[in-house]
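Written out below as structure tokens is the structure these notes cover.
The values are calculated or read from the model by the stated rules, or taken from the named source; none is laboratory data. These figures come from a predicted structure and were not determined experimentally. FYI the Cβ positions are ideal-geometry reconstructions off the backbone, even for glycines, and counts take in every protein chain you see. Just the protein is used for accessible areas: all its heavy atoms, side chains included, with ligands, DNA and RNA removed. Shrake-Rupley method; radii C 1.70, N 1.55, O 1.52, S 1.80 Å.
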Amino acid sequence: MSTVTFKVFRGDRSGGELKDYTVEVQEGMVVLDAIHQIQAEQAPDLACRWNCKAGKCGSCGAEVNGKPTLMCMTRLDTIDTSKPVTVRPMKTFPVIRDLATDVKWNYEANKKIKPFTPAPNTDWIMYQEDVDRVQEFRKCIECFLCQNVCHVLREHDEKTGFIGPRLLVRTASLEMHPLDVENRLDMLKNEGGIGYCNITKCCTEVCPEHIHITDNAIIPLKERVVDEYYDPVLGFFRRLFGSKKRAEPSGQAADD
């Protein structure tokens, strides 16, 4: 049985430091197993958020050797354990304590998105080909790793005028829903701040559900905003023939 040194952040939003822990590792262990072993044998007060240990609850997001990832899905045999393994909390969000961060901003920003809104007297029959495109977005587990790695939020701390990739994915799931008639383009252009995204695809790279965030959600939304507000040719025809409007909402909104 070999041992590995872990450097784990200990502290709160006022500050902290990396502390060393030596862990006996076994075949098949993931980083979360090591954190649990540290809690059990060396630091029972080490704060760490987790739930399913199966990559489905999205709770155990952290930065392992600088890479945003789910600790429960990061096997030790996939990282270099000949050197100390650093485990830090997600940088974009305030630290509550140790590896636990405060992600409530995401839920507040989510309120900017208008809910699913069907047309009056909607025929609720949908065909698979109509929902194929948005089913990918429903895989999101809200781990917020994409929010954590987004440079607009991480480096520039732009949390007032930008909702981030996770919430752009949610908006795409509503905008592309075959029965939804709400218009969210003004929100995307203004308080949603979609123009801030410069398509680096870093959000796509860290998504544990392998959602094509940039290609399938953000870029199509950007195209819709450009068509609506910035395309001079479409603008000319709109002034000439009038805008094609969606059916009026039924007024009975339902959360998606």
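Computed over protein heavy atoms with a 1.4 angstrom probe, the accessible surface ordering of Ile163, Ile141, largest first, is Ile141, Ile163. In terms of accessible area, using a 1.4 Å probe and ignoring ligands and nucleic acids, Ser82, Ser59, Ser173 rank largest first as Ser82, Ser59, Ser173.
Would the stretch 132-238 count as rounded, prolate or oblate if I go by the C-alpha gyration tensor, calling it rounded below 1.5 in a/c and otherwise prolate when a/b exceeds b/c, oblate otherwise? Oblate, because a/c is 1.5 or more while a/b does not exceed b/c. The chymotrypsin sites (Phe, Trp or Tyr not before Pro) of the stretch 95-165 that DSSP puts in a loop, and whose beta carbon has at most 14 other beta carbons within 10 Å, are Trp124, Tyr127.
Among the listed values (1) 21.4; (2) 20.4; (3) 21.8, the one computed from these coordinates for Kirkwood radius over Cα pairs in Å is (2).
Sparsely packed loop sites in the stretch 24-71 (the GluC sites (Glu not before Pro) outside DSSP H, G, I, E and B with at most 13 other Cβ atoms within 10 Å) comprise Glu27. In the stretch 65-173, which GluC sites (Glu not before Pro) are in a loop and have at most 14 other Cβ atoms within 10 Å, using DSSP for the loop call? Passing both the DSSP loop test and the Cβ count: Glu155.
Computed extension length for Cys52-Asn190: 46.0 nm, one decimal, from 0.36 nm per residue of separation with the Cα-Cα distance subtracted. For the chain, the relative contact order works out to 18 percent when only alpha carbon pairs closer than 8 Å and six or more residues apart are counted. Using bins of 10 Å that start at zero, the share of Cα-Cα pairs per bin across the stretch 74-118 amounts to 21, 27, 26, 17, 8, 1, in whole %. Ranking Asp98, Asp227, Asp77 by solvent-accessible area of protein heavy atoms (1.4 Å probe, all protein chains present), from largest to smallest, gives Asp77, Asp227, Asp98. Among the protein heavy atoms, those of Ile219 account for about 50 Å² of accessible surface (1.4 Å probe, every chain in place). Legend: distances between Cα atoms for Lys111/Lys222; Lys112/Lys139; Lys56/Lys114; Lys53/Lys222; Lys7/Lys222; pairs beyond 30 Å are Lys53/Lys222; Lys7/Lys222.
What the chain shows is 54 Å² of accessible area per residue, with the surface traced by a 1.4 Å probe over protein heavy atoms. Rolling a 1.4 Å probe across all protein chains gives Asp231 an accessible area of roughly 50 Å². Placing unit charges on the Cβ atoms only, positive for Lys and Arg and negative for Asp and Glu, gives the stretch 91-214 a dipole magnitude near 380 debye about its Cα centre. Reducing the stretch 96-114 and the stretch 138-195 to their Cα centroids gives an inter-centroid distance of 13 Å. Note on His36: accessible area approximately 40 square angstrom, rounded to 10, probe 1.4 Å, nucleic acids and ligands left out. From helices alone, the chain scores -8000 deg cm²/dmol at 222 nm; the rule is -39500 (n - 2.57) for each run of n ≥ 4 DSSP H residues, then divide by the residue total. One quarter of the convex hull surface built on the alpha carbon atoms of the stretch 1-91 amounts to 5.7 nm², the projected area averaged over directions.
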